[in-house]
1. Taking the options C:V233, C:V249, C:V178, C:V240, name whichever one is outside any loop (DSSP other than H, G, I, E, B), in contact with a strand residue (DSSP E or B) (Cβ under 7 Å, 6 or more places away or on another chain), away from chain A (no Cβ under 13 Å) and hydrophobic (A, V, I, L, M, F, W, C).
2. Is one or more of the residues making up region A:264-285 without any contact (Cβ under 8 Å) to a residue 40 or more places away in the chain, within 14 Å of chain C (Cβ to nearest Cβ) and surrounded by 23 or more Cβ atoms within 10 Å (Cβ to Cβ)?
3. Suppose the filter is under 28 Å from the mean Cα position of the chain (by Cα) and either of a type in the set (V, I, T) or loosely packed, with under 15 Cβ neighbours inside 10 Å (or both); does B:G117 pass it?
4. Which of the residues spanning region A:211-227 are over 11 Å from the mean Cα position of the chain (by Cα) and either acidic (D, E) or more than 8 Å from every other protein chain (Cβ to nearest Cβ) (or both)?
5. Among (1) in a helix (DSSP H, G or I); (2) more than 11 Å from every other protein chain (Cβ to nearest Cβ); (3) over 14 Å from the mean Cα position of the chain (by Cα); (4) not aromatic (F, W, Y), there is one condition C:R135 misses while meeting the rest; what is its number?
6. Can you find a residue that is aliphatic (A, V, I, L, M), touching a Leu at 6+ places or on another chain (Cβ under 7 Å) and more than 14 Å from chain C (Cβ to nearest Cβ) anywhere in region A:146-164?
7. Among the residues of region C:275-287, how many are of a type in the set (S, T, N, Q) and either more than 7 Å from every other protein chain (Cβ to nearest Cβ) or not in a loop (DSSP other than H, G, I, E, B) (or both)?
8. What's the number of the condition C:P167 fails, among (1) of a type outside the set (D, E, K, R); (2) away from chain A (no Cβ under 14 Å); (3) under 26 Å from the mean Cα position of the chain (by Cα); (4) under 30 Å from C:P9 (Cβ atoms)?
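The values are calculated or read from the model by the stated rules, or taken from the named source; none is laboratory data. If you're wondering where the values come from, they're calculated on a predicted model, not measured in any experiment. A quick note on method: Cβ atoms are made from the backbone with ideal geometry, for glycine too, and the neighbour counts reach across all protein chains shown.
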Amino acid sequence: MPNDPVLRVEDLTVRFTRRNTNVAAVNGVDFALQAGETLTILGESGSGKSVSLKALMGLLPAYAGVTGKVWLNGQEILGLPATALAKLRGGAVSMIFQEPMAALDPVYTIGEQIAETIVQHEGCDNRTAMKRALGLLEQVKIPSAERRLKNFPHEMSGGMRQRAMIALALACKPSVLLADEPTTALDVTVQIQILLLLRQLQEELGMAIVFVTHDVGAAAEISDRIAVMYAGRFVETGTTRQVMRHPMHPYTQGLLSSTVHGGMRGRALETISGSPPNLAELPPGCAFAPRCRYAADACRQGDIPTVTTETGATARCVRAKEMADA
Amino acid sequence: MSDITLQTQLVSRAEAPAAPPPGYWKSVGQRLLRDKTTMAVSLLLAAILFITLGAPLVTHYDPYVGSVLTRLKPIGTPGHWLGTDETGRDLWTRLCYGGRLSLLAAILPVTISLIVGGFLGILAGYAGGWTGTLIMRTMDVFYAFPSILLAIAICGLLGNGLSNSIIALAVVFIPPMVRVSETVTTQARNLDFVEAARASGTTTLQIIRYHVLANVLGPIMVYATSLISVSIILSAGLSFLGLGVTPPQAEWGLMLNSLRQAIYVQPYVAALPGLMIFVTSMCFNLMSDGVRGAMDVRLNK
Amino acid sequence: MSAALELDPRDRGGPAQPLLVVENLKKHFPVRGGLLNRQVATVQAVDDVSFSVRKGETLGIVGESGCGKSTTARLLMRLMEPDAGSVIFDGDPVGDRHGITVNDMRRQMQMVFQDSYSSLNPRMTMAESIAYAPRMHGLGRKSAYDRAENLLSRVGLNPRQYARRYPHELSGGQRQRVNIARALALEPRMVILDEAVAALDKSVEAQVLNLLSDLKQSLNLTYLFISHDLNVVEYMSDRVMVMYLGRVVEAGPVESIYRHPRHPYTRALFASKPTLDPDRRTTEMPLTGDPPNPINPPSGCRFRTRCAFAQPRCAATTPPLAAPFEAAAPTHVVACHIPEAQVYHA
């Protein structure tokens with residue numbers, strides 16, 4: 001391996017225990033990410049993709065049990081005390097959200113918020129921080145940045161706010177950017193602008209991006225690698241090409257075939273029957289087995305092995321080999 | 001398509017059509033029956049109601065006739081097991097009869113404010129516009145005064161007496177009642193399902209009856225029940241101050257006042273009316289919590 | 001099944017008469033502000049929109065936020081009063097002395113909303129919600145519940161399992177199925193689907209789209225399908241109408257629009273669509289900036305502020321919706337002044 005990974009996650013597990021229910025939201029997630037690489041975690045609602053991201057940032061409520069190991073630039077961070085973790089947030093690792101209005105403080109201007117973050121993490125004076133903030137707004141291609149610096153979040157349009165939030169996240173040159181569905185709430189024409197911007201910023205700054213989405217189209221546009229998540233587990237990983245062109249796991253196949261795209265008129269859509277499992281009562285074996293048309297007896301018991309192909313793609317499926325050949 | 005039709009036929013043939021589902025209020029009742037605290041509290045309230053309304057059945061003394069010989073007897077005295085008051089009247093009897101006025105003076109104002117305030121609030125919330133503004137701004141004027149001061153002022157203006165205390169408390173409770181019902185109605189009116197009901201071509205009255213009232217009456221009733229506990233304390237307070245019921249009538253607040261002088265002689269006897277006020281008010285509070293829980297469909301699976 | 005169209009006793013004008021004709025529909029919202037709550041601006045939510053929907057077809061309306069597509073739906077259902085314009089349902093002007101009443105129209109035209117949860121009364125079971133409208137229209141309690149259970153199984157939910165459930169006990173996809181059943185309870189001829197699948201996961205979305213196609217065929221429905229998702233609109237619609245800031249910029253048969261989009265906005269919109277092909281990623285931004293605020297929109301052609309071809313005349317006059325110059329498909333109409341802008345670059 002040429003470089004050490006910027007971010008390495010091993011056996012990340014999240015349990016929500018409340019009263020008498022035990023919700024297994026994330027069940028052992030492993031991945032490693034190099035600088036300048038984008039990993040997309042693709043999954044539907046309740047798959048655990050956002051929870052994984054929040055667990056990395058230490059943003060989950062106290063009743064969530066988070067176990068596993070996370071190394072950021074070689075340093076294990078899950079065991080860190082809260083104050084040290086808070087210093088990392090917005091510094092070496094930062095996050096952007098689906099709803100910028102919720103992430104930005106409505107009573108401060110965009111400039112003040114970015115400058116505040118820079119002052120806090122780097123301890124420079126206000127004027128230098130403000131200058132840096134201006135540079136950041138220009139970097140995320142906000143037109144007439146000087147004027148926008150003095151805008152409050154509510155005075156900006158949705159796309160501009162999303163750019164401002166990206167500028168805020170980039171303020172301290174993070175080595176890892178966590179993106180939680182940042183394009184979901186945007187219009188099509190704005191969504192593609194943000195995706196292109198993220199791609200370009202990554203080239204300039206060399207940061208690693210973990211991009212969480214339910215949108216196959218956005219995933220195809222931005223990622224180097226894709227991890228498909230179902231019921232708290234990565235069921236398939238591989239390069240974007242591998243996953244999109246030759247999906248091995250029946251869930252990935254179903255997800256791709258039920259995503260409507262051009263030229264499907266007149267054909268009935270192939271769907272995945274049923275609905276996602278209850279995370280409080282996961283079935284034994286493969287969690288997808290009850291909805292899977294290929295399910296065999298081996299799928300309903302014991303641990304499902306992860307199969308790795310020669311090209312490095314993985315699938316957590318008993319019949320992965322057959323699926324790949326088919 | 002064909003399998004859908006087939007499914008329809010299968011369903012209609014194989015399964016006897018299930019009976020229409022239980023209505024919303026019926027399911028609330030079922031949930032209430034399962035709630036132990038609320039059931040216990042309701043039993044206690046029923047007992048209090050029984051001894052007050054059925055006072056002649058549980059005691060043979062006259063609540064207004066005492067004897068100098070039996071003044072201020074302690075708890076446990078033979079014949080007067082809860083003791084006697086400062087004029088020698090049996091305290092158990094006084095408590096039973098006194099509950100009648102206390103409960104009447106507490107529940108009636110809340111009922112009046114529920115009807116008047118609920119109507120005004122739902123009107124303000126559903127109509128909105130000028131009507132709503134006019135009603136709400138008028139209510140704001142009453143909000144400018146602390147409730148107990150307002151009650152005392154109205155009583156002082158009208159003179160003392162049971163009916164005046166009821167009127168005073170009703171006036172005090174109407175503004176918060178209007179505000180609560182206006183808020184929940186405004187919320188309900190803007191929900192998509194009310195719009196969907198409009199889109200299905202039903203009349204405004206039908207929409208209010210089936211969609212607005214069902215979602216609005218619950219919170220309003222819960223609020224009203226919790227007001228009863230406040231009302232018991234306030235009406236007792238008015239009597240205590242001599243603004244409500246007048247002697248020799250029995251009423252818990254008034255009894256507390258007249259037994260006040262005996263507090264060093266028979267402290268436990270003197271505390272009994274206060275205990276009744278506390279227990280009854282607590283029961284109404286707990287019951288309103290229980291009803292609130294039973295009406296929230298989301299809490300119960 | 002197709003014979004049923006002629007057999008429908010409510011059909012008045014025959015198959016040639018459009019089921020819905022909308023003419024010059026307009027809705028402006030005042031924006032109030034300041035100390036005295038005076039009108040300070042106007043949101044031109046829907047401005048001079050005309051279109052028609054033929055019997056048995058699906059008309060797709062596509063556009064970004066603020067383009068007026070949802071307002072149009074609400075105006076059609078008369079959930080708001082239009083400022084101007086007329087709606088003609090199967091030859092009868094709606095709300096007109098010589099036509100049909102709004103209530104009669106609503107029995108034949110129903111709507112499914114985006115938010116599956118808030119569009120169901122949380123205090124009513126599924127069967128009650130579905131049976132509500134038929135009961136209010138005079139159907140007996142027993143028959144209304146029978147109809148509700150029939151509809152539940154029709155949308156793929158076992159009535160024995162779901163009839164007595166409350167909205168919070170169902171998943172989003174199941175709730176949307178109930179909403180569809182509710183919309184069908186009055187046996188409408190037309191259903192407006194306002195972003196009906198937008199909030200659903202992709203695998204569930206596909207299930208609901210299949211259901212909608214099946215229902216349309218078996219019940220001879222006409223759909224007005226409103227969505228921001230270009231792929232879904234292409235999949236569902238026979239004809240498509242593209243809206244931008246309250247106006248129609250392009251309309252026509254789905255193949256013609258998707259293969260040869262003419263209006264610069266339509267082209268930019270399609271170019272913004274993710275490619276789903278990692279080897280042919282988008283490299284250039286088709287458009288910069290956000291859609292302008294619908295408060296006080298640009299004069300003339302509303303797209304001119306973001307259009308690469310804009311000329312002075314675009315600001316001066318509003319381009320009419322007309323067939324393009326070479327008249328390839330006369331049913332394909334575009335609202336653009338500049339012929340060069342309409343040349344399709346393959």
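1. Numbers: C:V233 fails: away from chain A (no Cβ under 13 Å); C:V178 fails: in contact with a strand residue (DSSP E or B) (Cβ under 7 Å, 6 or more places away or on another chain); C:V240 fails: away from chain A (no Cβ under 13 Å).
Being outside any loop (DSSP other than H, G, I, E, B), in contact with a strand residue (DSSP E or B) (Cβ under 7 Å, 6 or more places away or on another chain), away from chain A (no Cβ under 13 Å) and hydrophobic (A, V, I, L, M, F, W, C) holds for just one of C:V233, C:V249, C:V178, C:V240, which is C:V249.
2. yes
3. Taking the combined requirement at face value, the residue does not satisfy it.
4. Of everything in region A:211-227, those that are over 11 Å from the mean Cα position of the chain (by Cα) and either acidic (D, E) or more than 8 Å from every other protein chain (Cβ to nearest Cβ) (or both) turn out to be A:D215, A:E221, A:I222, A:D224, A:R225.
5. Of (1) in a helix (DSSP H, G or I); (2) more than 11 Å from every other protein chain (Cβ to nearest Cβ); (3) over 14 Å from the mean Cα position of the chain (by Cα); (4) not aromatic (F, W, Y), only one is false for C:R135: (2).
6. yes
7. 1
8. C:P167 satisfies every listed condition except (4).
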